[in-house]
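Down below is the structure, laid out as structure tokens.
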Amino acid sequence: MAGIASVELLKRSPSHEALKRLRLDDFDKVNWPPKARSALIIALSHPPEKPELDWSDASGNTPGNRRLTSINRELSVWTEQRLGIVTHPMFYWVQEGGIYLKDAAVLAGLGCIGKNNILITPALGPRVRLRAMLLEDELTPTGPTSFDPCDCCEEPCRKACPQDALDRAVFSSVETGLSALPGRDGRYSRSSCSIQMDKDFNDAAITVDEGYMSELFQSSAEIERAPQSEEGIKWCRRCELACPVGL
Ligand code: B12
């Protein structure tokens, strides 16, 4: 999937606003290229029958992210050469200057934020991974859309979380002054979710390189390093795999 979002709207998207108001803006390090006007967001299917797409190997990367990075690079070269538009492929990590990919995908019309706090697309549900580039051209945004499958859902995503990260309201509109909250109604605990990620990391039967976190998903390293083992860190995806949308 692919879509276009406006950079002006992205700069003011709910994640940016949330981090500003919660005074976590050290995460907001996007170095917006001055002439960038649009963002091109791509989503790659990560179906349940191909779980290995999401496993991090010892280099810290996943096969799915390798594929996304190379699609993004090829698309960047094609856009520059064929359309004459200057592009800026973006980092994955926001600390490295990457953009908030879920917000960008919603603004580009790829789907909505679900009760599991991730992007849900009509055709593939939440089982996608995202990547983006900025473009120095004012293109017509392709979203947002009115798609919303969560309203009358029985919330299998929230029940599936092994850390109950989607159980209690952690954020409220009154306290934060935000209308768009994580998990829609503030029911997403980043710290509980991270406990599971740490567990997955420690349970993995591989040794991960020093500097793993800083290099993870970075630009040049990820494509040049070959995968170092068949299996890797099997990140929890229960809130994603429990979602019936797109199955
Ligand atoms: C840091 C990070 C994590 C951290 C912290 C997560 C968090 N949400 O805070 C940890 C390690 C815990 C984590 C866990 C997971 N992650 Co993660 N993570 C990221 C990363 C790098 C940045 C996310 C971030 O900090 N966002 C900022 C905070 C403030 O956002 P937030 O808490 O989610 O809440 C905001 C949104 O919900 C949004 N919002 C709410 N309503 C609305 C309405 C509108 C209209 C809009 C525009 C926005 C919006 O505004 C909220 C603020 O109020 C992104 C990649 C990227 N560059 O964006 C991937 C990313 C979000 N993760 C992803 C995934 C898949 C996961 C996991 C399933 C684990 C896994 N197997 O990879 C879990 C699921 C967690 C969950 N249910 O939210 C995918 C999501 C794909 C999708 N379908 O959306 C991303 C995009 C990476 C990718 N490879 O594509 N992640």
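The values are calculated or read from the model by the stated rules, or taken from the named source; none is laboratory data. Only a predicted model underlies this, so the values are computations on that prediction, with no experimental measurement involved. In this analysis, Cβ positions are derived from the backbone assuming ideal geometry, glycine residues included, and neighbour counts consider all displayed protein chains.
Given the conditions (1) assigned to a loop (DSSP other than H, G, I, E, B); (2) modelled with pLDDT of 95 or more; (3) over 21 Å from the mean Cα position of the chain (by Cα), which single one is not true for PRO144?
(3) is the only condition that PRO144 fails.
Return a yes/no flag: does the range 58-65 have any residue that is away from the ligand (no atom under 11 Å from the Cβ) and assigned to a helix (DSSP H, G or I).
Yes.
Pick from the range 89-120 the residues that are touching a helix residue (DSSP H, G or I) at 6+ places or on another chain (Cβ under 8 Å) and in a strand (DSSP E or B): which of them is farthest from SER179 (Cα to Cα)?
By that ranking, first place goes to PRO89.
Using the structure shown, decide if SER38 is small (Gly, Ala, Ser), in contact (Cβ under 8 Å) with a residue 60 or more places away in the chain, within 12 Å of the ligand (Cβ to nearest atom) and surrounded by 15 or more Cβ atoms within 10 Å (Cβ to Cβ). Lay out the reasoning, then the answer.
Details: small (Gly, Ala, Ser): yes; in contact (Cβ under 8 Å) with a residue 60 or more places away in the chain: yes; within 12 Å of the ligand (Cβ to nearest atom): no; surrounded by 15 or more Cβ atoms within 10 Å (Cβ to Cβ): yes.
Judged against the criteria, SER38 is not a match.
Out of the residues in the range 99-133 meeting the condition of being among the charged types (D, E, K, R) and within 6 Å of the ligand (Cβ to nearest atom), tell me which one is farthest from ILE71 (Cα to Cα).
Selected residue: ASP103.
Looking only at the range 91-109, filter to residues that are over 12 Å from the mean Cα position of the chain (by Cα) and hydrophobic (A, V, I, L, M, F, W, C); which one of those is farthest from PRO141 (Cα to Cα)?
LEU107
What residue, of LEU107, LEU135, LEU130, LEU119, is touching a Ser or Thr at 6+ places or on another chain (Cβ under 6 Å) and either β-branched (Val, Ile, Thr) or in contact (Cβ under 8 Å) with a residue 60 or more places away in the chain (or both)?
Criteria check complete, one pass: LEU135.
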